[in-house]
Amino acid sequence: MSRGGRTNRRFVIIGQKASASGDFLPFDVPGTSGRLDVLLRCVRAALLWSHGIRAGVVVYLVLGGGPRAPRVVRIEGSAARFVRPDERSLATLATKILASRADEIAAGFVEIRAGIAVSRGGLETVFDDLGDATLYVLDEAATDIRDVPESGLDDTAFFLGDHLGFEEANRAWLESRGARAISVGPRSLHAEDAITVVLNEIDRHDARRGMISPVS
Ligand SMILES: C[S@@+](CC[C@H](N)C(=O)[O-])C[C@H]1O[C@@H](n2cnc3c(N)ncnc32)[C@H](O)[C@@H]1O
């Protein structure tokens, strides 16, 4: 599998009720997991392109539902293996990762499989992992991403809500830490589609600078 890009774009998807325990039914993920399926589609959109995996992307799933919440799953494109595009495989992978109890005894992110780690905690856990990334909240009603100076797209973390959007407390918390709201267009999209549009803007930006070729 080919791996394109640099490790500098991060997507943080906040699942208000998404299961942190993995005890959902694999044949009914939407109905039994607090809509973890929404987050799994975001994993595909953020990490996979048609010929491989984006080495430059890290995905964080913030899981706010069920008895073991809050927890965060981190998937690093540079190191993850066996990330497949179909939801069934992604749900199986999530079940295995979330069944681990390693994060109950260790602090911070604990790698469960190559490139895939889990941690106790919520948004603050993610924040501690982001370094100096420029922070953006993806928001339908905000400034257009095309009005962001291109240099502002180089080392970034994008925060997204799930099908329920953002809780006001989380929005306020992100804003208090300097996150800027940006939009990818005038319609409210599914979260995974908003990620696809963001990455398309970034790919075009990188292609203009000769960092990727049109067919790579
Ligand atoms: C399905 S939408 C949330 C809809 C929810 N009913 C609401 O009113 O907030 C899921 C997430 O995708 C992102 N999103 C959707 N459309 C977007 C757009 N046009 N621009 C930027 N982000 C968008 C936002 O982060 C949003 O919270």
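Considered as a group, the residues in the stretch 175-195 that are within 12 Å of L138 (Cβ to Cβ) and more than 11 Å from the ligand (Cβ to nearest atom) include one that is least open to solvent (accessible area, probe 1.4 Å), and that residue is A179. When the stretch 134-164 is filtered for residues that are among the small types (G, A, S) and either in a strand (DSSP E or B) or in contact with a helix residue (DSSP H, G or I) (Cβ under 7 Å, 6 or more places away or on another chain) (or both), the ones remaining, listed by number, are A141, A142, A157, G161.
Filter the stretch 135-157 for residues that are hydroxyl-bearing (S, T, Y) and either within 16 Å of the ligand (Cβ to nearest atom) or open to solvent by less than 30 Å² (accessible area, probe 1.4 Å) (or both) and give the result. Talk me through it step by step, then tell me what you get.
Here is the first cut: in the stretch 135-157, the ones hydroxyl-bearing (S, T, Y) are 136, 143, 151, 156.
Within the stretch 135-157, Y136, T143, T156 qualify.
Scanning the stretch 16-33 for residues being part of a loop (DSSP other than H, G, I, E, B) and surrounded by 23 or more Cβ atoms within 10 Å (Cβ to Cβ) gives a total of 3. If only residues of the stretch 158-174 that are more than 20 Å from G131 (Cα to Cα) and near the ligand (Cβ under 7 Å from one of its atoms) are counted, the one that is surrounded by the most Cβ atoms within 10 Å (Cβ to Cβ) is D162.
Applying the selection to the stretch 43-67, what residues are touching a Gly at 6+ places or on another chain (Cβ under 9 Å), crowded, with 17+ Cβ neighbours inside 10 Å and not in a strand (DSSP E or B)? Result: A46, L47, A55, G56, G66. Scanning the stretch 77-111 for residues that are out of contact with any Leu (no Cβ under 9 Å at 6 or more places or on another chain) and not basic (K, R) yields a total of 19.
The values are calculated or read from the model by the stated rules, or taken from the named source; none is laboratory data. Bear in mind that the values here come from a model prediction, so they are computed numbers and not experimental data. A quick note on method: Cβ atoms are made from the backbone with ideal geometry, for glycine too, and the neighbour counts reach across all protein chains shown. Ligands, DNA and RNA are stripped out before the accessible areas are found, and what is left, the full protein with its side chains, is counted by its heavy atoms. Shrake-Rupley method; radii C 1.70, N 1.55, O 1.52, S 1.80 Å.
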